[in-house]
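Working notes, structure below.
The values are calculated or read from the model by the stated rules, or taken from the named source; none is laboratory data. All values derive from a computational prediction rather than experimental measurement. Backbone-built Cβ (ideal geometry, glycine too); neighbour counts: all protein chains shown. Ligands, DNA and RNA are stripped out before the accessible areas are found, and what is left, the full protein with its side chains, is counted by its heavy atoms. Shrake-Rupley method; radii C 1.70, N 1.55, O 1.52, S 1.80 Å.
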Amino acid sequence: MVHTVVAEAATPIQTETRKGQYVTARFRPDDWKILKDAKEYMGFLDQCYETMAELTGYQPPMELRGYEKLGAWGTAGMDGINIDWTCIPIFMNDFNTGKVEFGFVHEMGHVFDARDFPRWYITPGCGGETFGNIKLSYALERLLLKENRYRIEFGPGGRQTGYDFNNNFYLNSGKKYLASETVWDKMGVDDLHSFHMTLIRKLGWDVYKKWFRAYYKIEVQKDGRAPSGVNDPIRINLVCALLSIFSGENLVPDFQQWRFPVTDKSVLEVSKRYELKDVCAATDKQYADEYNAGKIRLDPLALQARVKQGDGGKDQATIFCILRSNPSVVVRYSMNSTPVTATSKVDSGLPIPLPTGNVLNAAVFVFGKPQPILTTSTTLESKTKK
């Protein structure tokens, strides 16, 4: 990791700049002295940046800097965030104890939405704040782990890991909305976040990584212009169409449960309008290339064995793999106690009969590696991840 200290000329407020691999921070010398380990702090900023870049496929400039009389905790722009000087000593003292400040991670999330593409997916009007927090959710889930000291204290649960925080706060936030009659374009920030977090827990983060990347492909189309209004149903129909394709699930019922104006017909129409067959194929290839280059870390839900009732009322399983288009990957499965090995049947994407009580085991293998990179299993009675 690159770590340099640059002394600056006298200014109305004397500052000192430190540079990490991705993030630059410019604070007062006395602020830096508060930290027990400034190198660890810069390393954490770099890790936050790296996870958000992995989620979105975007790498904006990122500088954190103090600002006098900002009028808010912080603000975000195209090249970084401003933080009111009065707040900096507080979160630096907190960091010494392992507490991660919600504010600067949230504002970093905004920087990853500062380009033009959010006009496609920020739906409805509260989406700007929601999607700053979606980036925060992914960063905290990746970085605030049981085995390290970093924790967040925001909402219910006290100091907790990122995964627990997302479940205790965001996953539950939409319950009041679902029980109300609030129309979809009047959702609150945390309501919209709760909707997406529900899908993330169902589909995994990797479906969302592909989703963010797909807008690059749409943007270069001849008619690749987003609707001007945040309430235009085309936006949310495009969101539903893309997430459905990448997850291999028809998500129209999920969106309708949250009162979004989507139907099978409207999703099909928007899929044709934006040539999503080609868009998603190109995104799948990009994603496979990034994974092969070591730029993508897979979520456990990147491999799923899904049980559904097929024709004739018989239950059957299908195997979903986020890397299905990767030529260096093969998905194999076995039944019951038979191990999943190179001699197991190769999943062709067709439904697999699954009689009651039988266990379907699936695994993803990468050429040249004897051990699978992901495994999963399921029965009619339950579904368990390994």
- Spacing of the two label points (7 Å from each Cα toward its C-beta) at R324 and D278, in nm: 2.2 nm
- Rounded to the nearest 20 Debye, what is the dipole magnitude of the chain about its Cα centre when Lys and Arg each give +1 and Asp and Glu each give -1 at the C-beta? 920 debye
- Sort out the exposed loop GluC sites (Glu not before Pro) in the chain (DSSP loop, at most 11 other Cβ within 10 Å) and tell me the longest stretch that has none. 182-380
- Hey, if you put +1 on the Cβ of every Lys and Arg and -1 on every Asp and Glu Cβ in the stretch 1-132, which of T24, I81, I13 ends up farthest toward the positive end of that dipole? I13
- Note on the structure: Pseudo-spin-label distance N168 to L350, built 7 Å along Cα→Cβ, given in nm, is 4.9 nm
- Query: Cα-Cα pairs above 29 Å in the chain: how many percent?
  - Reply: 49 percent
- Task: Whole number in Å², please: accessible area per residue of the stretch 12-128, 1.4 Å probe, ligands, DNA and RNA not counted.
- Result: 38 Å²
- Item | Cut-off 11 Å between beta-carbons: net charge of the residues surrounding L145, Lys and Arg +1, Asp and Glu -1 | +1
- Item | Residue-wise HN-Hα coupling along the stretch 294-306, computed from phi with Karplus coefficients 6.51, -1.76, 1.60 (Hz; x: Gly, Pro) | x, 9, 10, 10, 6, 6, x, 7, 5, 10, 9, 9, 9
- For K265 and Q14, what does the FRET efficiency come to when R0 = 51 Å and r is the distance between their Cβ atoms, rounded to the nearest 0.05? 0.25
- Query: What number, in nm² with one decimal, is the all-direction average of the projected area of the convex hull of the alpha-carbon atoms of the stretch 1-146?
  - Reply: 9.1 nm²
- Item | Distance (nanometres) between label positions extended 7 Å along Cα→Cβ at D232 and D30 | 5.1 nm
- Task: For the stretch 180-251 and the stretch 139-166, write down the distance between their C-alpha centroids in whole Å.
- Result: 26 Å
- Query: Roughly what angle does helix 276-292 make with the longest principal axis of the chain, taking Cα atoms, 0 to 90 degrees, to the nearest 10?
  - Reply: 70 degrees
- Query: So what does R273 come to for accessible area, using a 1.4 Å probe and Å² rounded to 10?
  - Reply: 130 Å²
- Work out the length of the dipole vector of the stretch 116-178 about its Cα centre, built from +1 on the beta-carbon of each Lys and Arg and -1 on the beta-carbon of each Asp and Glu, and round it to the nearest 20 debye. 120 debye
- For n ≥ 4 DSSP H runs only, could you compute -39500 (n - 2.57) per run for the chain, divide by its residues and tell me the 222 nm figure to the nearest 500? -12000 deg cm²/dmol
- Query: For T341 and K314 in one chain, what is 0.36 nm times their gap in residues minus the Cα-Cα distance, to one decimal in nm?
  - Reply: 7.0 nm
